[in-house]
Amino acid sequence: MDFFVQLFTDPVAFWNSHTLLIAQIGINSIIASSMFIVLYSGQLSLAAPGFMAIGAYTAVLMDLYWHTPLALNIAAGVVLAGATGVLVGLPVLRLRGVFLAIATIGFIEALRLGVILNLPITGEGLGLKNVNPDPLGGIYLVLVSLAVVLFLMWRLTKGRLGAAWAAIRQDELAALSQGINVARYKMIAFVLSAVLAGFGGALESHLQTFVDPGDQQYGVTRAVQVLSFAVLGGSGHFVGPVIGALVVTSLPWIFVQALNYINVVTGLFLIAVIVFRPQGIVGRGGLAIIRPWWWPRRNVHAPSPG
Amino acid sequence: MDQQILNAIFIGSIYALFAVGYTLVFGVLDILNLAHSAVFMLGAAVTYSLVVNHGQAFWIACIVGIAVSAVMGLVIEYVCLRPLRRRKAPPIAALISTIGLALIIVATIEQGQTGSLFSWLWVDGANSVAFPSGTFPNPTWHVGDLTLEAAKVAIIPISIVLMAVLGYVIRYTQVGRGLRAVAENPRAAKLMGLDVDRMIALTLVISSALGGLAGILFGAALGDISPYIGRDNVEIRGLAVIVLGGMGSVPGAVIGGYLLGLIEVLALVALGSSARGGVAFAALFLMLVLRPQGLFGAQLRERI
Amino acid sequence: MLLRLDNVQRHFGGVHAVDGVSLEVEQGSIHGLIGPNGAGKTTLVNVITGYVPFQSGHAWLQSDELTGLPAHSIAALGISRTFQNIRLFKDLTALENVVVGMHTRRRDDTLAQIATLPMFRRDQRSRTDDARALMETVGLAAGEIADRAAGTLPYGDQRRLEIARALALRPRLLILDEPAAGMNPSEKQGIRELIEHINKDGLTILLIDHDMRLVMSVCKRVAVLDFGRKIAEGTPAEVSTDAGVIKAYLGTGGEREVTSAPGASAGADTETAIEQAPSRHPDSEPQTAILEIEDLTVSYGAVNAVRGASLRVATGEVVALIGANGAGKSTILNTLSGLIRPDSGTAVFDRLDLTRAKPSTIVHHGLVQVPEGREILARQTVLENLELATWGQRDGAAKRTQIEAVMKRFPILGERRALRAGTLSGGEQQMLAIARGLLARPRLLLLDEPSLGLAPQMVDEVFKAIQEIHDEGTTILLVEQNALRALEIADRAYVLETGQIRLTGTGDDLLHNPAVRRAYLGG
């Protein structure tokens, strides 16, 4: 509870002592947005950590070997992640549901275990040292980026693209009957999600002193964590996964005593949410839990993931 | 090289045994039980704990370990699966609820330290341990340049017998027919008087018992027991196996298991030990892209 | 000619779903496509709209060739459709559903979105206004339901919404696939008026249905399919008196003098006749019944499939339940078998409360259903299917004797015992399904559309078997679209129309009842 006390009574001090947390929340929110796009279009892709790794390693390697400016490094990471997204997306987008999830897991682990851990240039198992990390200053870049990303998400869901994605998620065959080129739109979502994940990964690496190829960072464990953002927060509205990221990332800081049992709590949350409130905390944009009495009520049902 | 092939056969047997449980649940319920790898680990952990911390005889500990795994199957059904079926949730939801349960199981074991809440279950925290030598008879023979440990060798007949028994049950017994009926058409099964809920619970029990047993075999013969053995060894390889063999096909899981063991060994020999990890996933990816139904699975199609 | 089809072929395995169909649809007209269940109508539509590939033949929309194009391209060319089983975007609001329909007419506005130009806001407003207008056109109260999730709307509104969505595409051709399924006569009248209304401005419509009445009253020309082939085409009057058409719809059995196909007379009196008839004749129902259903109400999602139905079956009877597609007959049977739970009402079988019991308990108590579409286990052998039917019975020897007995009654099953059930023909599968039902030792056997999709000779065989089973003493509740055969074999019958029991009497009575004859027996 001291966490909240400080948050509300002395925000400045809170900011200073929790910079890392806030930055991590920001990054996780960007990655959560990556997850949002694929889930919003009905694709259960768990590929985010793979694209994050590509973004991260590219950015750090460029800095290490070519000493190029940060913006270029991140841009390169993003482009490379996007290109990989196209390559991976083409074959896997025909797959539905569980099969897509499995294929993307295959991708991230093949990338991590097969490529990253074996290429001398990535430092193999030892990870890569980042010579210019900026854990405290980087937070401003993160927050500004997050704002831009969220704006993008907001506008996309309002436009023709967002409407098409929502339709595809509900019923691909019916979407086809309305002239929606399902394959193309799914691809767009997948690549966009790869770009966002690459961006998040590159940003994250900028804040860290070294890039760690472990399971917790770019493996299935991370994929599950990112999935939990979207499940908890709900993927029917662009704010959902962000709220999910906020909650999950802050949990260990709020309940310091229960730190050890964080995973147990996360697991319980996942089961409880998926059984009792599959549309997540945010649902379809009602912020149902935190609704002031004067907020207009919409009588809608929200989709569950997948 | 031949030693590696032997190892491939041993580990392939474990993969196969594990994957059979995976595929059984997929075949009957059309869902992926991602808590299966946690049950694999739990079987090994419980057995170890009983022997080392509670002084039980190995064989008794094994039986209890298998029993605990079987009970865990019931937990999976009642906590993760049945509530979703009642609410007509899509199959993806079961994926998530079983992931949640897996998290809980692994984290619980991880936190098992002396003096903690779960010390009766496990005290070694995140460490990897092995059964002390002498826990079970494990003579070693040398044949040519091959080293054969009895425990590893025993995996093969045990696995084969179990898979044969399961195959027989599924193909020739009334219970097996019932499971196949539920797998093919739950509605018809209900109309024929089968208690589908009970069949599903039975499927989970069988599957989890097999998974737990695979974990015990792994832990005993390969000398590695930790909260992460499920995740590191079989969680994703299990997926690769059932994709290769065809999801829902028991013979496919068996063949897929040995196939993966073989592929990994070949990769090891050809590309060195570092490539071993990625090979499974590359195989998985390729199979999904080229032939999603695997070697023996059924074609998937949506009707309009 | 707006739409032209030339010798379209599509088969699945050995089944010729569409067997060389050629068709021309005149611009601005309403063209009907009818045929009994399984005739290939929906497959044909799926081929035209690009969901199922052509195997041979061609199709053109004016000068644009449709053959080989993917579904979304065909839609973009200007063909939109509704689906037999309503495929709305259930979790999206009604308004959003219609807006999605505008997809092909919208420019891609991704960049505009990001810049939030004022122009975009204006566009969006006009789009929502258009969508509301479309909803009003199809008879929906846009103000009330625009923001409701489509899946929560009442059935009739959902059907209309799907039409609104299809219209949003501004199609050249609108294909309506059974738009009035499951509706009562007055609701159907509403759909009829809607169709005429949207055709008024020149929209070409292809209407698929098997409800003769609807199609005849609204279409300029009608094509009739049966077993994948076009067996007749012409004006409604010509088609409804065509001998081949009458035979296809009535099925075989009895040489009856019929002058037109069932439901063909479009007059309004047909509707009222049955509606006004009292819904129950208490004297004609048995006092003691083994099955009693009282005031049963069952919903299926948004559809109120069964509304306050009551019926009784006494031991040893054959009771028929007839009615059109979507009337709620199968829903009643599924409720009796415990697969669906009713909203209200009671159903008791020999003191067992069917509304609460588990499906397996119900079967063991003696109420066994032979489901619609047979639902046999295709991957298992005939023998395995039969063995499964005796699941739970302990005595191995007794089981074997029973199985042998059943195979003697249906010799085909004996011959094919080692073959996979999926390889049997439709009629043989039906025999298997009935045999399976018998093995469960039913005291009351529920038969759901046993003649569905069967060739005439097989229908004869099936009904002969049913008669034999009845003669041996089994009580039977028979649901059938083939009203003629059902009424001939039944002791008593009930007529179900949109979820309500309209009429009841002995088989003979109903066979001669004029309203029933007009609606279900061809006059």
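The numbers here are math on the coordinates, done by the rules we state, and not lab data. Note that the structure is predicted; figures quoted are calculated from it, not measured. Glycine gets a Cβ as well: all are built from the backbone with ideal geometry, and neighbour counts include every protein chain shown.
Observations, loosely collected:
- Think of each Lys and Arg Cβ as +1 and each Asp and Glu Cβ as -1; about the Cα centre, that makes the dipole of the protein assembly as shown roughly 880 debye.
- Whether segment A:1-117 is rounded, prolate or oblate, judged on the alpha carbon gyration tensor where a/c under 1.5 counts as rounded: oblate
- Backbone HN-Hα couplings from phi across segment A:187-200 [Karplus 6.51/-1.76/1.60, Hz, Gly and Pro as x]: 4, 4, 4, 5, 5, 4, 5, 5, 4, 5, 5, x, 4, x
- Backbone amide hydrogens, once placed in the peptide plane, bring residue B:34 within less than 5 Å of B:98, B:99, excluding anything fewer than 5 places away on its chain.
- Nearest 10 degrees, 0 to 90: helix C:396-409 Cα axis against chain C principal axis: 70 degrees
- Residues B:122, A:15 arranged by fewest to most Cβ contacts within 10 Å: A:15, B:122
- For chain A, diffusion coefficient by Stokes-Einstein and Kirkwood Rh (Cα), 20 °C, 1.002 mPa s, µm²/s: 108 µm²/s
- Across chain C the C-alpha pair distances fall into 10 Å bins from zero in the proportions 4, 17, 26, 26, 17, 8, 2, 0, 0 percent.
- Cα-centred dipole magnitude for chain A, charges only on beta-carbon of K, R (+1) and D, E (-1), debye, nearest 20: 1220 debye
- Considering only A:221, A:56, A:153, and ranking their Cα positions along the charge dipole of segment A:2-223 that arises from unit charges at the beta-carbon of Lys, Arg, Asp and Glu, the one farthest toward the positive end is A:153.
- A simple spin-label model places pseudo-atoms 7 Å from Cα toward Cβ; at residue C:288 and residue B:262 they are separated by 6.9 nm.
- Here the contact order of chain B, divided by its residue count and restricted to Cα pairs under 8 Å and six or more residues apart, works out to 34 percent.
- Where Rh is the Kirkwood radius over Cα pairs, Rg/Rh for chain B: 0.97
- If you bin all the Cα-Cα distances of the protein assembly as shown at 20 Å, starting from zero, the percentages per bin are 11, 36, 36, 15, 2.
- The 3J(HN,Hα) values that the Karplus relation (6.51, -1.76, 1.60; θ = phi - 60°) gives for segment C:71-77 are, in residue order, 4, 5, 5, 5, 4, 5, 6 Hz. Gly and Pro appear as x.
- Residues residue C:22 and residue C:235, FRET efficiency given R0 of 30 Å [Cβ-Cβ distance, rounded to 0.05]: 0.95
- Under 16 Å from the Cα of residue C:220 - lysines, other chains or at least 8 residues apart: C:200
- Computed E for residue A:143/residue A:10 - FRET, C-beta separation, R0 25 angstrom, nearest 0.05: 0.80
- Taking each DSSP H run with n ≥ 4 as -39500 (n - 2.57) and averaging over every residue of chain A yields -22000 deg cm²/dmol at 222 nm.
- Extension gain for residue C:472-residue C:58 works out to 143.7 nm (0.36 nm per residue, less the C-alpha to C-alpha distance).
- Once C-alpha pairs closer than 8 Å and six or more residues apart are averaged by separation and normalised to the residue number of segment C:93-169, the relative contact order reads 54 percent.
- Take the Cα of residue A:3, step 7 Å toward its Cβ, do the same at residue C:196, and the gap between the two points is 6.8 nm.
- For the pair residue C:344 and residue B:175, a Förster radius of 51 Å applied to the C-beta separation gives a FRET efficiency near 0.85, rounded to the nearest 0.05.
- Straight-distance crosslink candidates among lysines, where the alpha carbon sits under 16 Å from residue B:88 and sequence neighbours closer than 8 are dropped: C:90
- Helical runs (DSSP H, four residues minimum) scored at -39500 (n - 2.57) apiece and divided by the length of chain C put the mean residue ellipticity at 222 nm at -11000 deg cm²/dmol.
- Helical contribution to [θ] at 222 nm, DSSP H n ≥ 4, -39,500 (n - 2.57), averaged over chain B, rounded to 500: -22000 deg cm²/dmol
- Site-free segments of chain C were taken between trypsin sites (Lys or Arg not before Pro) in DSSP loops having at most 11 other Cβ atoms within 10 Å, sites themselves excluded; the longest one is C:201-350.
- For segment C:119-217, the Cα gyration tensor yields ellipsoid semi-axes of 25, 17, 10 Å (square root of five times each eigenvalue, largest first, whole Å).
- Farthest towards the positive end of the charge dipole of segment C:162-240, among the residues C:197, C:237, C:186, is the Cα of C:197, using unit charges on the Cβ of Lys, Arg, Asp and Glu.
- Computed on segment B:68-207, with alpha-carbon pairs under 8 angstrom and 6+ residues apart, the relative contact order is 26 percent.
- Bridging of residue C:399 to lysines at a Cα separation below 26 Å is possible for B:190, C:358, C:408, C:464, once same-chain residues fewer than 8 apart are set aside.
- The DSSP beta bridges internal to chain C are antiparallel in roughly 55% of cases.
- Span-rule helices in chain B, defined as complete DSSP H runs reaching 18 Å or more along the axis (Cα) with Kyte mean at least 0.0: B:2-29, B:36-52, B:58-75, B:91-110, B:150-172, B:196-222, B:250-271, B:276-290
- Placing dummy labels 7 Å off each Cα toward the beta-carbon, the span from residue B:7 to residue A:86 is 4.1 nm.
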